[in-house]
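*Asks:* Okay, here's the structure, questions in a sec.
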Amino acid sequence: MRIITSRVEPPVIVVHGGAGSWKRVFNDPDYPYSLQDISGLIKKSIEEGYRVLESKEALLAVVESVKVLEDSGMLNAGIGSALNIAGEAEMDAAVMDSKGRVGAVGAVKYPRNPVQLALLVALETDHVVIVGKGADMLAEKYGLEQRGVPPDHIFKRYNRLLSDLIQGKETELRWKKILKLAKLYGYIADTVGAVALDENGTLAVAASTGGIWLKHPGRLGDTPIIGAGFYANEKVAVAATGYGEVITKSLASRTLAEYIDRDMDLREACKQTILRAEEIGGKRVIGVIAVTSEAEVCLAYDTDGMPSGYKAKDKEYLIEL
Ligand code: ASP
C-alpha cells in the first residue's frame, strides 16, 4: 500500500488516472503510450483543472480535469473506455460537491464526455442518477459532443482478452461467470477522477470510467454510485478507483468520509478505507484520492500503480509510478 499526504494552501486540485496493473499495461505490446505520456497527461489535466479553479468553483474545475483525461484515449474513460463483453463502450460518470449538487450517469454510450453529462444531471434535472438510453437521450438533446471511434489499441485488447477468456487462459480479469452468460447471449461470434477545494471552501469530486473489460452489458461499477466511487460533503471530497464491485460493497468513498467525521486523520482514514476494501476483495483492488476542507490531500492505492498528482497554490506533486 502506498499513501501520500500533504497539507497545502488552497485552492488545490488532485487528479488520478486509475489504480490498476500499470506494469502489465506498459508491457502490453498493443498499448502505444509510455510512462512519460501518462505522466504528461496527468500533469496537463491538473494544470487545466487548476486554471479553472483559479477563477471558478471546484465543481467546474474537477469536470475540466476529468474531461481532459476522457479526451485523451490513453485511459479507461471517454474515448479510451474499456469495452464490455459485447464489444461496446458503456461508460459511468459522476460529480458531487459540498453544496449538495450531485449527478451521475451509468452505462451511457453516446457522449464523448460522460462527466459533462453527469454535470448536466446535477444542474439541469430533478434527478441524481440517470442510466442507459434515457441518459444518452439527454446528452443528445443538450447537444453534447458524440463519442467517436476508439483508438486501435482498444480493439486489439478486446480481441486478445476475449480470446484468452474463451481458451480458458489466465487473464487479469476477476470475472468467473461472464463466459457462460456470453455464450448464452451469443456474443461469442483505466477510470479517472479529480477532487478539489476552491478558495471559497467548496469541495467537489468528478469521476468517469469505461468500467472493467468484458463486463456484462448494463453493469454499473462504483463510479456512478454515491458513496461508492465518489462522495463529497463539507469536510472531504473523495474519488475511488479499482475493482468496482469491491469498492461498491465496501462503500469506499462514504466510508472514508465517515472516518473523517470521527476525527480520524486523513492518512489513517485512507489506510483504513483500503484495508476495508481488501477485507472484501483481497489485495490490489483500490485507489483513492481525497481532499479535506482543511486543505489536506491524500493519494493512496494498493495496486501496482496509480498515475496521479495535485497542484495547490504553494506546491505541486506528481506520483512516480
Ligand atoms: N472502478 C471502475 C469500475 O469498476 C474501474 C476503474 O477504476 O478502473 O467500473
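*Asks:* Mind counting the residues in the range 272-301 that are modelled with pLDDT of 95 or more, in a loop (DSSP other than H, G, I, E, B) and crowded, with 17+ Cβ neighbours inside 10 Å?
*Replies:* 2
*Asks:* Looking at the range 221-245, which of the residues that are surrounded by fewer than 24 Cβ atoms within 10 Å (Cβ to Cβ) and more than 18 Å from Gly20 (Cβ to Cβ) is farthest from the ligand (Cβ to nearest atom)?
*Replies:* Looking at the filtered set, the residue picked out is Glu234.
*Asks:* Just to verify a result, which residue in the range 202-220, among those that are touching a Ser or Thr at 6+ places or on another chain (Cβ under 6 Å) and not aliphatic (A, V, I, L, M), is nearest to the ligand (Cβ to nearest atom)?
*Replies:* The residue in question is Thr209.
*Asks:* I'd like to check something: does the range 159-179 contain any residue that is within 14 Å of Leu83 (Cα to Cα) and in contact with a His (Cβ under 7 Å, 6 or more places away or on another chain)?
*Replies:* Yes, that holds for at least one residue.
*Asks:* Still on this structure, please answer the following. Would you check which residues across the range 143-171 are under 23 Å from Glu70 (Cβ atoms) and either assigned to a loop (DSSP other than H, G, I, E, B) or of a type in the set (Asp, Glu) (or both) and list them?
*Replies:* Correct list: Gly143, Leu144, Glu145, Arg147, Gly148, Val149, Pro150, Pro151, Asp152.
*Asks:* Looking at the range 83-111, which of its residues are crowded, with 24+ Cβ neighbours inside 10 Å and modelled with pLDDT under 95?
*Replies:* Hit for the range 83-111 is Asn84, nothing else.
To keep it simple, each residue is scored yes or no on (1) in contact with a strand residue (DSSP E or B) (Cβ under 7 Å, 6 or more places away or on another chain); (2) of a type in the set (D, E, K, R).
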{"residue": "Pro11", "(1), (2)": "yes, no"}
{"residue": "Val14", "(1), (2)": "yes, no"}
{"residue": "Asp30", "(1), (2)": "no, yes"}
{"residue": "Tyr33", "(1), (2)": "no, no"}
{"residue": "Ser55", "(1), (2)": "no, no"}
{"residue": "Leu69", "(1), (2)": "yes, no"}
{"residue": "Ser81", "(1), (2)": "yes, no"}
{"residue": "Ile85", "(1), (2)": "no, no"}
{"residue": "Glu90", "(1), (2)": "yes, yes"}
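*Asks:* Let me ask something additional. Among the candidates Thr248, Thr255, which residue alone is out of contact with any Gly (no Cβ under 6 Å at 6 or more places or on another chain), within 12 Å of the ligand (Cβ to nearest atom), more than 24 Å from Ile319 (Cα to Cα) and outside any loop (DSSP other than H, G, I, E, B)?
*Replies:* The unique qualifying residue is Thr248.
The values are calculated or read from the model by the stated rules, or taken from the named source; none is laboratory data. What you are looking at is a predicted structure, and each value in this text was computed from that prediction instead of being measured. A quick note on method: Cβ atoms are made from the backbone with ideal geometry, for glycine too, and the neighbour counts reach across all protein chains shown.
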